[in-house]
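Down below is the structure, laid out as structure tokens.
The values are calculated or read from the model by the stated rules, or taken from the named source; none is laboratory data. Quantities reported herein were computed from a predicted structural model and do not represent experimental measurements. Note that each Cβ is placed from the backbone with ideal geometry, even for glycine, and that neighbours are counted across all protein chains shown. In case anyone asks, the SASA skips ligands and DNA or RNA and just uses the protein heavy atoms, side chains included. Shrake-Rupley method; radii C 1.70, N 1.55, O 1.52, S 1.80 Å.
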Amino acid sequence: GQDVSYVLPTSFLEAANGGVRTLHLPDGKVLKVTIPEGAEDRQTLRLKGQGMPGFGGGPAGDAYVELHIQPHSFFQRKDDNVHLEVPVTLKEAVLGARIEVPTVKGPVTMTVPEGSNTGTTLRLRERGIRNRKSGTRGHQFVTLKVVLPPGEEPELRAFLESWQPRTQKNPRGEMLR
């Protein structure tokens, strides 16, 4: 029989964790598609014998399903690693804190080191995507983004107006040379 091809939009987390999807075909046929853990964008899955029926009682063709991984609102995949930007409060960044962060397998608690800054990148070992060939799992890299509280904070303003840092250095000094 003749082979057939289909496109299956797949969520980022479904591709990362694996799953089973149902594909309804125009002829009324229903295919169960197993998405392997760590699936990649444009990866093609072969479903043997699920294509068009063979002529004169011959074997059916195959169905080829191409996965189109949809972007996630905050996770980004780079090879087997997952990258994520996480907002932290000024207090969490300055004093350090234990915060909950999302991973592809669910939330985990992570330590924000004391004195962290916007752009500080922390690694969560083996919290990324499982490599289909080697079986090893990538890492998740969390980049911190310090955010100020919404609205007015008169105490914070008063503190900053009276505060003098020990080291006077222009943070843009290197850019202005």
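Odds and ends about this structure:
- Count - residues of region 23-33 that are under 26 Å from Gly128 (Cα atoms) and exposed (fewer than 10 other Cβ atoms within 10 Å of the Cβ): 0
- Residue match in region 117-134 (condition: at pLDDT below 90 and under 23 Å from the mean Cα position of the chain (by Cα)): yes
- Residue ID - nearest to Leu31 (Cα to Cα), chosen from residues in region 57-116 that are hydroxyl-bearing (Ser, Thr, Tyr) and crowded, with 17+ Cβ neighbours inside 10 Å: Thr103
- Yes/no for Glu40 being under 27 Å from Pro102 (Cβ atoms), buried (at least 16 other Cβ atoms within 10 Å of the Cβ), of a type outside the set (Ser, Thr, Tyr) and under 25 Å from the mean Cα position of the chain (by Cα): no
- Region 118-163, residues that are touching a residue at least 24 places away in the same chain (Cβ under 8 Å), surrounded by 13 or more Cβ atoms within 10 Å (Cβ to Cβ) and outside any strand (DSSP E or B): Thr118, Thr120, Arg127, Gly128, Ile129, Asn131, Arg132, Gly138, His139, Leu156
- Of all residues assigned to region 104-111, at least one qualifies as being over 18 Å from the mean Cα position of the chain (by Cα) and over 22 Å from Phe12 (Cα atoms).
- Enumeration of residues in region 164-177 that are open to solvent by less than 80 Å² (accessible area, probe 1.4 Å) and either touching a Phe, Trp or Tyr at 6+ places or on another chain (Cβ under 6 Å) or assigned to a loop (DSSP other than H, G, I, E, B) (or both): Pro165, Asn170
- Annotation note: Cβ proximity below 6 Å between a residue of region 90-112 that is modelled with pLDDT of 95 or more and a residue that is buried (at least 16 other Cβ atoms within 10 Å of the Cβ) and among the basic types (Lys, Arg) (sequence gap 6+ or interchain) occurs for Thr103/Arg127.
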